[in-house]
1. Have a look at 235, 211, 240 and point out the one that is outside any loop (DSSP other than H, G, I, E, B), within 25 Å of residue 314 (Cα to Cα) and within 12 Å of the ligand (Cβ to nearest atom).
2. Scan 222, 264 and give me the residue that is in a strand (DSSP E or B), touching a strand residue (DSSP E or B) at 6+ places or on another chain (Cβ under 8 Å) and near the ligand (Cβ under 9 Å from one of its atoms).
3. Restricting attention to the range 146-157, report how many residues are without any contact (Cβ under 8 Å) to a residue 60 or more places away in the chain, buried (at least 17 other Cβ atoms within 10 Å of the Cβ) and outside any strand (DSSP E or B).
4. Here are some residues: 375, 327. Which one is under 26 Å from residue 47 (Cβ atoms) and out of contact with any strand residue (DSSP E or B) (no Cβ under 6 Å at 6 or more places or on another chain)?
5. Under 6 Å between Cβ atoms, at least 6 apart or on separate chains: pull out the pairs that start in the range 351-363 with a residue that is at positive phi and in a strand (DSSP E or B) and end on any residue that is away from the ligand (no atom under 15 Å from the Cβ) and modelled with pLDDT of 95 or more.
6. With respect to the numbered conditions (1) more than 18 Å from the chain's Cα centre (by Cα); (2) in contact (Cβ under 8 Å) with a residue 24 or more places away in the chain, which one is the sole condition not fulfilled by residue 239?
7. I'm checking my understanding of the structure. Among residues of the range 351-364 that are within 13 Å of the ligand (Cβ to nearest atom) and touching a helix residue (DSSP H, G or I) at 6+ places or on another chain (Cβ under 6 Å), which one is nearest to residue 78 (Cα to Cα)?
8. Run down 309, 297 and say which single residue is crowded, with 19+ Cβ neighbours inside 10 Å, part of a loop (DSSP other than H, G, I, E, B) and within 13 Å of the ligand (Cβ to nearest atom).
Ligand code: FAD
């Protein structure tokens with residue numbers, strides 16, 4: 001990895017109030033035609049543009065983003081990356097993503113702060129223990145690192161969870177996935193944006209797609225708030241807004257959109273050095289580099305585009321955290337936020353051509369698409385550049401809702417996404 005700035009430059013900029021740094025990506029006006037347009041400047045859209053340029057050598061590419069890049073779910077998530085899935089199709093997809101994450105800082109020359117501190121899915125009841133044992137077997141058979149931990153190992157590793165006299169919810173076992181962890185969400189968006197821009201991709205912020213240009217029943221461009229932009233192929237990676245946008249092309253997707261919330265506490269001294277997911281309540285937590293406890297849980301119960309989220313779910317998530325760590329009951333919460341996620345009936349993403357030729361989909365990541373960004377971008381870029389599925393994306397085509405070949409990870413691994 002080559003350093004882009006010398007130590008002297010860094011000191012000089014510090015002394016003159018950081019006024020001389022160049023922008024990390026340009027602010028181009030959109031051209032009227034490109035080879036490819038990707039709608040959505042989140043991680044998946046930016047990664048798609050990057051791999052179109054880098055892997056397929058296609059430089060006439062634009063990403064259009066209605067707000068600012070990374071302002072959607074990519075900048076709102078709890079940064080967990082992992083590959084603990086049940087079905088071989090999911091393992092192939094999410095393990096590709098994790099392997100790409102492992103080399104991403106070097107690939108993009110941008111520190112995405114990957115921290116593979118390990119993830120533990122904690123089980124209490126016999127049913128949860130059975131799911132945990134099944135998941136460990138499936139992961140091992142599929143070549144993913146996984147161990148089953150008994151209560152003694154958990155007690156050793158998580159004294160804060162298991163030594164409190166008030167704990168009435170002591171764990172009986174869990175799935176340990178050492179390569180899981182966290183990565184810095186903004187850095188992933190910024191890293192892909194800077195690298196794509198460096199390869200000539202136009203990243204156009206404050207430009208909303210408001211419709212599609214359809215000629216002879218095929219998509220030949222996008223109508224935007226900055227005018228019509230024509231393209232050979234259009235990719236759509238707009239997460240929770242996929243069904244709204246695709247309706248403008250006359251496509252009905254099997255997606256419902258819900259708010260997913262997360263919270264952070266005041267900073268603490270280091271006390272939680274792994275990522276923890278509680279299979280019983282769905283609450284999960286990690287500690288950020290600043291010391292905050294970052295945590296979240298399930299979806300709000302009612303489909304909505306209201307990004308604030310609802311108090312009843314906050315209550316469930318907070319009680320899940322204090323069930324696990326009674327000592328955290330004293331913490332002050334600093335912030336709460338939400339994002340709109342795209343939920344598919346079998347809890348697996350949709351990657352594939354839309355029913356309108358020229359239009360391609362990357363959506364349905366629900367509560368877990370941050371960890372998939374490098375793979376989602378690789379696979380959508382492959383599809384757009386070649387017109388054909390990569391073998392890993394084939395099972396995730398929209399046609400599975402016609403053939404019934406669903407990949408139900410909520411049932412398989414006990415984790416919705
Ligand atoms: P986004 O980052 O949402 O990007 C889509 C972009 O499209 C947005 O910037 C939006 O402004 C833009 N857009 C929408 N409509 C239009 C339009 N018409 N024209 C132009 N632009 C448009 N995943 C994990 O793997 N691990 C986690 O720990 C995790 N935690 C989460 C916690 C919360 C609270 C939330 C909300 C999500 C979490 N996720 C997690 C899910 C993850 O954040 C998403 O699946 C992922 O970020 C989706 O990336 P994306 O690029 O598809 O979408």
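The values are calculated or read from the model by the stated rules, or taken from the named source; none is laboratory data. This is a predicted model, so every value here is computed, not measured. Cβ coordinates were reconstructed from backbone atoms using ideal geometry, including for glycine residues, and neighbour counts include every protein chain displayed.
1. Every option except 240 fails the conditions.
2. Numbers: 264 fails: near the ligand (Cβ under 9 Å from one of its atoms).
Criteria check complete, one pass: 222.
3. Matching residues across the range 146-157 total 1.
4. The unique qualifying residue is 375.
5. 352/397; 352/398
6. (1)
7. Let us first name the residues in the range 351-364 that are within 13 Å of the ligand (Cβ to nearest atom), namely 351, 361-364.
Keeping just the survivors that are touching a helix residue (DSSP H, G or I) at 6+ places or on another chain (Cβ under 6 Å) gives 351, 362-363.
Working: 351: 23, 362: 21, 363: 19 Å.
The extreme case among them is 363.
8. 309
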